[in-house]
1. Taking H as built 1.01 Å from N, whose amide H comes closer than 5 Å to the amide H of Ile938, not counting residues under 5 places away?
2. Taking square-rooted eigenvalues a ≥ b ≥ c of the alpha carbon gyration tensor, is region 931-990 rounded, prolate or oblate, where a/c under 1.5 means rounded and, failing that, a/b exceeding b/c means prolate?
3. Nearest 0.05, what FRET efficiency do Lys750 and Lys820 give at R0 = 41 Å with Cβ-Cβ as r?
4. Out of residues 5 or more away from Gln588 or on other chains, whose amide H comes under 5 Å of its own, with H placed 1.01 Å from N in the peptide plane?
5. No solvent, one uniform scatterer per C-alpha: report log10 I(q)/I(0) for region 251-309 via the Debye equation at q = 0.18, 0.21, 0.26 1/Å, two decimals.
6. Using the heavy atoms of the protein chains alone and a 1.4 angstrom probe, what is the accessible area of the chain per residue in square angstrom?
7. If you average the sequence gap of Cα pairs under 8 Å that are 6 or more apart and divide by the length of the chain, what percent do you get for the contact order?
8. Using only the Cα atoms of region 843-891, what are the Rg and Dmax in Å?
Amino acid sequence: MPDYDFNKIEKKWSEKWLKDKTYEPLDFARGKPDLDKAKKPFYNLMMFPYPSAEGLHVGNMYAFTGADIYGRKKRMEGKDVFEPIGLDGFGIHSENYALKIGKHPKKLAQETEKRFYEQLKMIGNGFSWDERLETYDPEYYKWTQWIFVQMFKRGLAYRKKASVNWCAQCLTVLADEQVLAGECERCGTKVIKKELEQWFFKITDYAERLLNDIEKIDWSKRIKIAQKNWIGKSEGALIKFPLKAKSLQLKVETEVFTTRPDTLFGATYLVLSPEHPWLTQEILNSKSEILNKSEIRNYIEKSKAKTEEERIAERGDSPSHKASAEQGKTGVELKGIKAINPATKEEIPIWIADYVLAGYGTGAIMAVPAHDQRDFEFAQKFGLEVREVIRPVYGEPHEGAEFRRTVTAIVQRKSDGKFLVVKWNKFNWVSLPIGGIDEGETAEETAVREVFEETGHRVRPVKKLGGEVTMHFFAENKNVWRHRLDQPVLLELVDENQTERSIEEKEKLEPVWMSGEELIRSITHEYNVIGVKRFLGFELAYQGRGELVNSGVFDGMDSEKAKREITKFVGGEIKSQYHLRDWLISRQRYWGPPIPMIFCPACANSAFVATSAKEAASAGKKNAGWQPVPEKDLPVLLPDIKNFRPTGTDKSPLATVEEFVKAKCPKCGGEARRETDVSDTFLDSAWYFFRYIDHENKQEAFSRKLAKRWLPVDMYIGGAEHAVLHLLYTRFLTKVFYDWGLIDFDEPFKKFRAHGLLIKDGAKMSKSKGNVVNPDDYINKFGADTLRMYLMFLGPFDEGGDFRDESIAGAVRFLNRVWKLKEKITPSSDGVPGRMTGQNPKLEIILNQSIKKIGDDIEKLHYNTAISQLMILLSSFENGCDEKSFKIFLKLLAPFAPFLVEELWHKLGESESIHTSKWPEYDESKIKEEMKTIIVQINGKVREKFEISSKDSDEEIKIQTLNLPKIKEFLGGKNPQKIIVARNRLVNIVLAK
């Protein structure tokens, strides 16, 4: 237990900070905005918390404390810091818990709000409490609905029937981003597909901007990578394949999107997804030429039973899915109708297979089994043609290179499965038997001859392994540049006998037998092993760049150039496609903002659907009859209903409330009905940071003037799990607001950093494991300061750490020592901190070093190492400390333990809050960095030496080493195999021999 009365101290300062509005920035602290007062606005924000009924958990406190520390330092650096707080209270989580305990969500929200805010006031954060907001407040969701109305008017919101993700547990649809590994991200239930009418936002209109602007934002690298992958831009072409029935060409074309139009001459069949629109229509067409409708219908029904994740697994897109893919893809040929390859004009079969997804590309693919592994596996299973059209190319052409046709001989011994290789004694190479094809020889004959000459083994040919391979390289054994056109050939031993080789061959080569794995690992030149990889089942479909073969007039052309040329040749269209799908907004639940739309049957059949061109563009034929609720009638209040249980259908519980559903059409005044779905809770949280700055504004969502002053957010801290949900949606809406002229910036956060996750005793925290930590227990026992210190000392903030009860004692001891130190301080000698008549003459240097390091560490969110330095400084002070030095120490500790330092600060006679005092500055001349000479070796030989700071990390030393001019010269562009840093002594660079 702490030696001081932390309960009394923390209660005292919580109340005083609230009363004095210590953490209200000047714009807000006077009750009304005063833009002239806040000279240095700094918006410090943490992710919008969801108010769990169980209350705040220690993971929340970990994130909030980390964000607060950063903001406290900025405040002490003279910034007018705004750190608001509120509750993201709408949504499925709250509603599910309300259903579980039999309490109405609105009543539950009042209770959880009170509980959550009580806890938040205990943790020591510098929140701006006057600006708090809750998403379920009608004054908030009025503007969420206003955003929806504007999206519809401007053509960014639309309604359509679509195959959507459905959670049978939550009884609602889910956006693609809310499905993780085929399961609902909220409850873990397997997600199924349903055809439903839903509202969508056109986030895909912003795909290119969202992708391109990732490069300009200062965000955690892993978040940027996740968003890039989720947006998933693919450069390719749209190509149309005419369809033909018997001898008649149909007036129908199937369009495919392909990233490899250069392989079009190798497309030997088409594959349609089971949901493909033409197929759906054709199955219902009584005059269709399809001969096996029943078989196809059965296949479509079976496909519906699979989750998208299961279908993706069958595609084998990743190593984790490879096993599932190898179990066998499924499919059925569409009999009676063929497609025509627009490049070869050949008829090719059409297949239906669920490894093709309707939501990606066009829902149809051209299958090129020679150059796509998924297509190859499908072709192998169903006996479809494999036609090679890309010849692999290794290396770059060299002028004057000697051209040779060659063979690479692959000999496998049946007795143990090993392969015959040769070791080149002079050059320390490992290769397969290779030789040039003489005039009049076949590749097989050359292979037999070369194996015999080089190894003494008699062999016979089995087959060629794929097509030829182009190689450009420098042959060191002949001292000449070579351009090889090589044919891998598989051979088998005639017998186990080995004929005596010539003396010349013995001196030059040594034949040995290796396993396939050992061979691939040991081969000197990668291009020589392609035949073995083909034989062993690796790279059966060559998917890389090369030169075209079997492609008519395009033979010999580089595949990259051929992409555009072949697209042009067949009248295709170069196009970019994205993995990103439009944002599904509708939810068939109760606890959320009602979607502010009204459907009028009369207007749906009339000529006047919209009052403006923009509305007409949005509505179009699909949205005929849908009208937005007039802005003067917002908010559309969520009615209080007793039965808020989800219906499990495509209707929300609001559909059963007749007085809510019935409405007058805003256009014609006729009988109409309201939309009864509510909007996705992620819409609530996609714009909340705009409302914080102007939360009482009744005329608009937020003031443009205030937005210009305070936004974008300076520092945003939150969880990496929201990379493609909340964080992508906030970027989307910010760009939308920019386009509407509401703001003058198009990215929401200047800086975003993702925090790590906490585990408990080595396991992820969960209620089922019983290891969820309630911070109240620890705050009541040890105080908020102790818990804050402990949490931040667990490990790097961006990595998280393992919460162990016994380890908190270290934080308790540290703060006890700080408390006791106040009794040991002495007057400062001549006013200079650290200079005393006492026993610690080096204190001035340690103090200045600590100011620099702690300040730098906080800036980098390296809180654990900042605390380590505080511990070092405290140990130095315990040998004797003057008052000025102690005050500096308290300032450095203030962001971490705000209550304790405020109490000690005032005990030293200060009247103003330490948290509005000035952050300490260090004297550069008092920081001594010990310099050391470090030696650089390359493969054990000394090549250079240079000076480093004793504080430089291994990574910094590596970077400095590789940038040394002499080292660059020695490396000559080669990449080191390994770089070993022996701390403060030497760097050894290892190059492959």
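1. Arg943, Ile989
2. Judged from the Cα gyration tensor, region 931-990 comes out prolate (a/c at least 1.5, a/b above b/c).
3. The formula returns an efficiency of 0.50 here.
4. Answer set, sorted by chain and number: Val173.
5. -0.82, -0.99, -1.16
6. Working: 44680 Å² over 993 residues.
Ligands and nucleic acids excluded, the result is 45 Å² per residue.
7. 14 percent
8. Answer for region 843-891, Rg first and Dmax second: 10.4, 31 Å.
The values are calculated or read from the model by the stated rules, or taken from the named source; none is laboratory data. Since the structure is predicted, the reported quantities are computational estimates derived from the model, not experimental observations. No Cβ is skipped: glycine too gets one built from the backbone with ideal geometry, and neighbour counts run over all protein chains shown. These accessible areas exclude ligands, DNA and RNA; they are computed on the full protein's heavy atoms, side chains included. Shrake-Rupley method; radii C 1.70, N 1.55, O 1.52, S 1.80 Å.
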